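Q: To start, I am sharing the structure in question, which I have written as structure tokens.
Any read-out appearing in this document is the output of simple, stated calculations on the displayed coordinates, not a laboratory observation. Predicted model only: the values in this text are computed from it and were never measured. Here Cβ is always computed from backbone atoms with ideal geometry, including for glycine, and neighbour counts include all displayed protein chains.
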Amino acid sequence: MVLFISVLEQGMIYAIMALGVYITYKILDFPDLTVDGSFPMGAAITAVMISRGINPLLTLPVCFLAGAAVGMLTGLIHVKLKVRDLLSGIIMMTALYTVNLRIAGRANLPIYNKTTIFDNDFINGMLNGIADYRTILIIFTITIISKYLLDWYLGTKSGMLLRAVGDNDRIITSLSVDKGLVKIVGLAIANGLVALSGCIFAQQQRYFDVSMGTGTVVIGLASVIIGTSLFKKITVLRVTSSVVIGSVLYKGCVALAISLGFESTDLKMITAALFLAILVLGMERKRRVKVDA
Amino acid sequence: MLELKHIHKYYNPGTVNEMCLFRDFNFRVEDGEFVSVVGSNGSGKTSMLNIICGSIAADSGQILMNGRDITNLSEYRRLSKIGRVFQNPSMGTCPSMTIMENLSLAENKGKSYNLGRCVNKKRRETYQDMLRPLNLGLEDKLDVKVGALSGGQRQAMALLMSTMTPIEFLILDEHTAALDPKTAEINMQLTEQIVRQKKLTSIMVTHNLRYALEYGNRIIMMHQGKIILDKKGKEKEDLHVDEVLGLFNEISIECGN
């Protein structure tokens, strides 16, 4: 039961990040590696704010905005300086490593015994009887709100443009809209979500570590691909919901591998192997018959 | 009015493959004209359209729209007054979005793409009425993804989408070339109807000489970056397919094929 709860907690936290990766990878068709830097950036900002005793609720919007700013920079590098998408992300990811160290002041910043969104007077008073489920309830609420906000956004005129730009960017130009701007907005929202995820992760784990971002993008991609390929047939389920479930399933797979006797040092290897397996299994087999001419 | 003045365009400048396409190219389209453009491959038809729309930049020269210099205006800004349909039907629509979503997106052109809802369910019937006369069965498929439609259906969608909002110019780049004869005919009639209804100034590139003569009120033939035939009004009506074909053969033979 404890293991199950912990899988659910981690899966739900990473789900917010996966929603961001869903925007870049699936909607924008942009392999955005900024994620590996913006996730720990959210954690770094949070750790600093929490250790200074700032209201933990404030960390959420601050991290989202900081992530959005970073995403915007990746977009500007790609659109205005015409650097290739993959390279723009790599440049930002590398730069953010230093930025994160600067924000936190050191490579590791624990925030034990501090007031967080999971541990404060209000929450402790309200959810007193169910202390074990406190964390998961709060995470669940934040993730679901993020998911519905994203769903709502994708149905607006601006969100529809975002969906169109990955589909066929000619149409954006035909609609007399600057397609570069649409991409920048998409990257901003995506990295905002990623930093938000990092913010919640830091509060749940109660520390920031500069290397905690390594491999984030792989986890995000794996979640998106599991979610979208497993639930492709179920049309009632929105894609964003599939991504959230995909993230939980992915964390479940990793937990399963560890419970089978692997050590935590093997984690990245397991991540890579799982990702490869998901990619290969998720590929469509019926490529010989091309439907769209 | 659209006007190209003293356009020069070189491809691969400074290399052994340097090729001069346009040398002092001039072209003027008056308001209300529907110009058919014919010519062999490489004669500069599509390049001309690309220069007008801003997809490629001319090396020198001036482009005027309604007397205003738009030479340095970016492509997406120019397209606020221009609708463009491509040869490839999938270029004018979003395949992973439904017909309803595509039409809603296109209808908002020129307005701000803000946080308002994009799809307005009340417009459903209007869209159905718009699609019904096409006889392509699209009116019952509003919630079908455009990627699942046939090329002809998609091209009709692309044509509708590019002309839904008030525009002044319509650029058609071999827009029936990828379609079967019957669907091509439907799309040509739809084009004619839209152009007449909305009084659009149009330029249509086509390889179909019959369409070039049958539709529109002016015809030009291009060859090696020059206009070698330009007939309008009565002169064009008197022009016969054989004459155009004869001229076409002449320039083709000149090139050695």
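Q: May I ask for the angle, rounded to the nearest 10°, between helix A:216-230 and the longest principal axis of chain A, with both axes built from Cα atoms and the value confined to 0 to 90°?
A: Once rounded, one gets 60 degrees.
Q: To check you understand DSSP bridge types, tell me what percent of the beta bridges within the protein assembly as shown (both residues inside) are antiparallel, rounded to 5.
A: On the way: 25 of 43 bridges.
So the antiparallel bridges in the protein assembly as shown amount to around 60 percent.
Q: Determine the dipole magnitude for the protein assembly as shown: charges of +1 sit on the beta-carbon of Lys and Arg, -1 on that of Asp and Glu, nothing else is charged, the reference point is the Cα centre, and the result goes in debye to the nearest 20. Before the final figure, lay out the partial values.
A: Values: 58 positive and 48 negative charges, 201 e Å.
Value, rounded to 20: 960 debye.
Q: Compute the signed sum of charges (Lys and Arg +1, Asp and Glu -1) over the other residues within less than 14 Å, Cβ to Cβ, of residue B:59.
A: On the way: positive: B:5, B:9, B:23; negative: B:18, B:24.
It works out to a net charge of +1.
Q: Taking a 21 Å limit on the Cα-Cα distance, which of the listed pairs B:141/B:199; B:81/B:236; B:45/B:231; B:81/B:111; A:157/A:183; A:232/B:121 fall beyond it?
A: On the way: B:141/B:199 29 Å; B:81/B:236 28 Å; B:45/B:231 17 Å; B:81/B:111 13 Å; A:157/A:183 15 Å; A:232/B:121 26 Å.
The pairs that break the limit, which is 21 Å between Cα atoms, are B:141/B:199; B:81/B:236; A:232/B:121.
Q: Then there's this: From the gyration tensor of the Cα coordinates in chain A, what semi-axes in whole Å does the equivalent ellipsoid have, largest first, with each one equal to sqrt(5λ)?
A: Equivalent ellipsoid semi-axes, largest first: 30, 23, 19 Å.
Q: Identify, among B:25, B:67, B:51, the residue whose Cα sits farthest towards the positive end of the charge dipole of chain B, taking +1 on the Cβ of Lys and Arg and -1 on the Cβ of Asp and Glu, with the dipole about the Cα centre.
A: B:67
Q: Treating the beta-carbon of each Lys and Arg as +1 and of each Asp and Glu as -1, no other charges, what is the dipole magnitude of the range A:15-211 about its Cα centre, to the nearest 20 debye?
A: Working: 16 positive and 12 negative charges, 74 e Å.
Rounded to the nearest 20 debye, it is 360 debye.
Q: Then there is this: Quick one: dipole size for the range A:190-272, taken about the Cα centre, charges +1 on Lys/Arg Cβ and -1 on Asp/Glu Cβ, in debye to the nearest 20. If you can, show how the numbers build up before the last one.
A: Values: 6 positive and 3 negative charges, 77 e Å.
For the range A:190-272, the charge dipole is close to 360 debye.
Q: Further question: Order these by the 10 Å Cβ neighbour count, fewest first: B:127, A:133.
A: Numbers: B:127 21, A:133 13.
By the 10 Å Cβ count, ascending: A:133, B:127.
Q: Over the range B:121-244, calculate the relative contact order: mean separation of alpha carbon pairs under 8 Å at least 6 apart, over the residue count, as a percent. Walk me through the numbers before you get to the answer.
A: On the way: 106 pairs, mean separation 21.3, N = 124.
Taking the mean separation of contacting Cα pairs over the length of the range B:121-244, I get 17 percent.
Q: Test of the criteria: in the range B:91-183, which trypsin sites (Lys or Arg not before Pro) are in a DSSP loop and have at most 12 other Cβ atoms within 10 angstrom of their Cβ? Could you put the intermediate results ahead of the total?
A: Numbers: sites: B:109, B:111, B:117, B:121, B:122, B:123, B:124, B:141, B:145, B:154, B:182; in loops: B:109, B:111, B:141.
For trypsin sites (Lys or Arg not before Pro) across the range B:91-183 that sit outside H, G, I, E and B with at most 12 neighbouring Cβ atoms in 10 Å, the list reads B:111.
Q: Shifting gears a bit: When Lys and Arg each count +1 and Asp and Glu each count -1, what net charge do the other residues less than 13 Å away from residue A:115, Cβ to Cβ, add up to? Before the final figure, lay out each step's value.
A: Working: positive: A:52, A:114, A:206; negative: A:119, A:121.
The answer is +1.
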